[in-house]
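Worksheet for the structure shown next.
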Amino acid sequence: QLTSSSFLRIGQLSNVDLNEDIRELETELPRQHPNEIPHNEKLLSLKYESLDYDNSENQLFLEEERRINHTAFRTVEIKRWVICAMIGILTGLVACFIDIVVENLAGLKYRVVKGNIDKFTEKGGLSFSLLLWATLNASVVMVGSVIVAFIEPVAAGSGIPQIKCYLNGVKIPHVVRLKTLVIKVCGVILSVVGGLAVGKEGPMIHSGAVIAAGISQGRSTSLKRDFKIFEYFRRDTEKRDFVSAGAAAGVSAAFGAPVGGVLFSLEEGASFWNQFLTWRIFFASMISTFTLNSVLSVYHGNAWDLSSPGLINFGRFDNEKVGYTIQEIPIFIFMGVVGGILGALFNALNYWLTMFRIRYIHRPCLQVVEAMLVAAVTATVGFVMIYCSRDCQPIQGSSVAYPLQLFCADGEYNSMATAFFNTPEKSVVNLFHDPPGSYNPMTLGMFTLMYFFLACWTYGLTVSAGVFIPSLLIGAAWGRLFGISLSYLTKGSIWADPGKYALMGAAAQLGGIVRMTLSLTVIMMEATGNVTYGFPIMLVLMTAKIVGDYFVEGLYDMHIQLQSVPFLHWEAPVTSHSLTAREVMSTPVTCLRRIERVGTVVDILSDTSSNHNGFPVVESNPDATQVAGLRGLILRSQLIVLLKHKIFVERANLSLVQRRLKLKDFRDAYPRFPPIQSIHVSQDERECMIDLSEFMNPSPYTVPQEASLPRVFKLFRALGLRHLVVVDNRNEVVGMVTRKDLARYRLGKEGLEELSLAQT
């Protein structure tokens with residue numbers, strides 16, 4: 001709806017990174033980019049619309065449902081299973097593609113740099129090697145950052161906050177498009193190969209969600225291809241269920257943890273859940289893990305040995321060697337506390353950094369420069385740490401992929417290099433499984449410190465990247481350090497195996513940053529293939545979450561809040577019983593009569609100042625005896641389809657050979673309904689009348705104006721509504737409750753606070 005020139009100017013600013021979507025754009029913006037964008041986290045952005053989880057039960061819908069017999073319902077159910085299988089297979093294949101490409105490209109890069117370093121160690125001039133490494137990193141990351149910043153900014157970051165919002169019922173623009181998927185996959189490959197402190201696991205969740213949204217619609221709007229299949233699923237209700245299956249398939253492909261995927265979808269994602277959905281989602285997750293497993297097994301040359309269930313494999317922890325005893329449990333709980341504190345520190349630093357980025361680094365070219373800078377700095381830090389480290393370990397019996405000798409004696413390698421000169425996944429596995437004595441405590445301490453700040457700086461850059469692996473790596477490093485110091489203190493008694501403490505540290509750190517409890521416990525158990533550690537991991541994660549929540553909220557929730565998304569939590573704020581629907585609702589409401597002039601409808605829809613999406617329908621001709629009571633609710637999208645097909649009373653009376661509108665016409669226009677400006681209505685047509693009675697939803701949910709806020713919230717949240725009409729005792733419309741009216745109220749430090757709304 002960019003009509004006036006001021007709106008067009010806003011349009012030029014709208015291709016900015018995700019985190020920068022929150023800004024107060026004054027309409028008199030100067031033409032060039034402002035240097036600083038004022039940003040306030042106590043805002044809710046009005047540019048996010050809600051998804052419609054509630055089906056509009058108009059006459060067309062009821063007629064169609066009544067026509068469908070039992071066998072047809074069974075075919076719909078079979079189609080759902082087929083779609084879930086396809087989601088699983090495709091997500092698995094995308095994960096394979098990412099894994100194989102990253103392995104080959106990163107291997108090539110490390111071989112080149114290793115050859116260069118070995119050559120220059122002998123004859124001096126190692127600065128060339130540093131230059132080569134930094135340039136390789138920066139150039140790869142530049143490509144990865146350019147495609148994200150200039151083509152599809154939604155693909156930045158891990159995509160988990162966006163999918164979380166989508167499943168909560170917020171429509172985030174472009175989040176499940178094919179273009180986003182392509183940019184996401186290429187961006188992840190480039191940022192991992194570019195040596196940033198990132199993992200390829202988080203973005204798999206977003207990729208799975210996009211795949212699910214695409215398949216379930218049976219067509220691609222980006223490619224303008226319609227395959228004429230799965231048309232029944234073209235509505236928000238169905239699409240959203242499939243997206244939660246896609247997110248689960250993504251988790252299980254990333255970690256080889258199908259149960260963890262289902263629980264992740266349940267805990268982080270879906271706001272709505274039923275039993276059938278659980279079983280279908282588990283099916284999709286299993287298929288996805290199996291696909292990845294079989295393809296990678298064939299690729300690695302042992303076709304019958306299904307040994308790589310996920311993108312990251314923590315390797316097996318043997319029960320005989322590493323059990324745990326009762327007296328270790330307090331130690332684990334202490335590690336959980338440390339993880340919670342470090343996680344809270346990570347989030348607080350990242351919060352200030354993101355605020356700075358939103359204010360100053362909001363132009364795509366600046367974002368690319370920052371990404372290149374981070375890549376070069378990461379390489380430099382790694383190189384300097386390896387160069388200064390004098391920690392040498394014997395080569396034989398160790399499983400190092402690219403051993404760097406540098407200044408060590410022959411037959412030895414530099415142990416700092418195993419941490420920095422490798423993809424993060426491999427480093428994590430090394431920290432878990434290398435035998436005791438492979439690492440010098442000094443090496444681990446320095447590595448943890450450096451990597452903590454690098455990972456914190458990297459999250460929120462304009463590249464596609466996950467935060468899972470860096471957190472695990474930081475945690476594994478300080479956990480191993482903890483284990484080594486314990487065995488020093490206990491004079492090397494058997495139970496202080498450093499690998500076990502590395503695992504607990506990794507869990508504590510990740511739990512302290514993202515604050516997932518249930519799904520993370522199961523993911524860690526499935527990824528290590530060991531159930532014995534279930535209890536300590538659960539304790540560690542619980543402590544980390546409790547301690548972390550005391551200081552600051554989780555990373556994903558924080559980024560959702562920074563983007564000013566109207567996110568609805570599970571419950572209304574605790575102290576909100578004093579508020580009633582009358583105080584919360586938006587007024588005045590634009591109502592339509594049941595038989596309305598076309599001109600009025602067009603004017604209401606074209607009015608840019610009130611961008612409403614739902615209109616209560618009231619009785620057309622109230623005489624003295626009848627009040628203009630509520631008769632139904634009609635959506636903007638439905639009105640646009642009616643105007644586009646010119647369904648007017650006069651034309652029906654003239655019986656112009658005109659078929660009745662079917663639900664299919666509404667489904668074909670979904671999800672990108674044309675804007676009202678593109679629909680031409682002539683002067684004569686403006687005088688026609690339009691009858692809304694068979695298209696409106698005749699039974700919308702309503703609440704009386706005395707209802708308390710928690711009650712309204714429960715109804716709205718549990719049914720996934722988009723509009724809730726507030727009526728008085730004569731059933732006249734007095735107000736409307738939408739997502740923004742409920743998300744405005746939040747528990748702050750001082751109690752209940754109300755956020756302001758901004759047209760951003």
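The values are calculated or read from the model by the stated rules, or taken from the named source; none is laboratory data. Model, not experiment: these values are computed from the prediction. Backbone-built Cβ (ideal geometry, glycine too); neighbour counts: all protein chains shown. All accessible areas refer to the heavy atoms of the entire protein, side chains included, with ligands and DNA or RNA removed. Shrake-Rupley method; radii C 1.70, N 1.55, O 1.52, S 1.80 Å.
Using only alpha-carbon positions in the chain, the gyration tensor eigenvalues give semi-axes of 52, 26, 26 Å once each is multiplied by 5 and square-rooted (largest first).
Heavy-atom accessible area for Thr575, with the other protein chains in place and a 1.4 Å probe, reaches approximately 80 Å².
For Lys171, nonlocal amide neighbours, meaning residues 5 or more places apart or on other chains whose placed amide H falls under 5 Å from its own, are Glu49, Ser50, Leu51.
At most 11 other Cβ atoms within 10 Å and a DSSP loop assignment: could you name the chymotrypsin sites (Phe, Trp or Tyr not before Pro) in segment 549-599 that fit?
For chymotrypsin sites (Phe, Trp or Tyr not before Pro) across segment 549-599 that sit outside H, G, I, E and B with at most 11 neighbouring Cβ atoms in 10 Å, the list reads Trp570.
Per-residue 3J(HN,Hα) values for segment 273-290, derived from phi via the Karplus relation 6.51 cos²θ - 1.76 cosθ + 1.60 with θ = phi - 60°, read 8, 9, 4, 4, 4, 4, 5, 5, 5, 4, 4, 4, 5, 4, 4, 5, 4, 5 Hz in sequence order (x marks Gly and Pro).
Under the criterion of Cα pairs below 8 Å and six or more residues apart, the relative contact order for the chain equals 19 percent. Accessible area ranking (1.4 Å probe, heavy atoms, ligands and nucleic acids excluded), largest first, for Val143, Val94: Val143, Val94.
Compute the relative contact order of segment 320-563 as a whole-number percentage, counting only Cα pairs closer than 8 Å that sit 6 or more residues apart in sequence. It rounds to 30 percent for segment 320-563.
Rounded to the nearest 5, the antiparallel percentage of DSSP beta bridges internal to the chain is 75%. Rolling a 1.4 Å probe over the protein heavy atoms gives the chain an accessible area of 41 Å² per residue. Say the cut-off is 27 Å between C-alpha atoms; which of Lys184/Lys664; Lys171/Lys664; Lys42/Lys545; Lys79/Lys179; Lys79/Lys662 go over it? Cα-Cα > 27 Å for Lys184/Lys664; rest within.
Using a 1.4 Å probe and counting only protein heavy atoms, arrange Val192, Val259 so the residue with the most accessible area comes first.
So the residues, ranked largest to smallest area, are Val259, Val192.
Trp81 contributes about 70 Å² of solvent-accessible surface, heavy atoms of the protein only, 1.4 Å probe.
Working from Cα pairs under 8 Å separated by at least six residues, relative contact order for segment 581-759 is 31 percent. Of the residues Ile546, Ile211, ranked by 1.4 Å probe accessible area with the largest first, the sequence reads Ile546, Ile211. Counting only the heavy atoms of the protein chains, how much of Lys47 is accessible to a 1.4 Å probe, in Å² to the nearest 10? Using a 1.4 Å probe on the heavy atoms, I get roughly 70 Å². Note on segment 320-563: with neighbouring protein chains present and a 1.4 Å probe, carbon and sulfur make up 71 percent of its accessible heavy-atom surface.
Couplings for segment 694-708, taken from phi via the Karplus curve 6.51 cos²θ - 1.76 cosθ + 1.60 with θ = phi - 60°, read 8, 9, 6, 7, x, 10, x, 6, 10, 10, x, 6, 8, 4, 7 Hz in order; Gly and Pro are left as x. Applied to segment 219-228, the Karplus parametrisation 6.51 cos²θ - 1.76 cosθ + 1.60 on θ = phi - 60° returns per-residue 3J(HN,Hα) values of 6, 10, 6, 5, 8, 6, 10, 10, 8, 6 Hz, with x for Gly and Pro. Run the accessible area of segment 581-759 with a 1.4 Å probe and give the carbon-and-sulfur part as a rounded percent. C and S atoms contribute 52 percent here. Classify segment 320-563: rounded, prolate or oblate, from the alpha-carbon gyration tensor (a ≥ b ≥ c, eigenvalue square roots; a/c under 1.5 rounded; otherwise prolate if a/b is larger than b/c)? It is oblate, given that a/c is not under 1.5 and a/b is not larger than b/c.
Proximity of backbone amide H atoms, modeled 1.01 Å from N, is registered between Gly632 and Val617 at under 5 Å, excluding neighbours fewer than 5 places apart on the same chain.
For the pair segment 103-147 / segment 533-611, the C-alpha centres are spaced 47 Å from each other.
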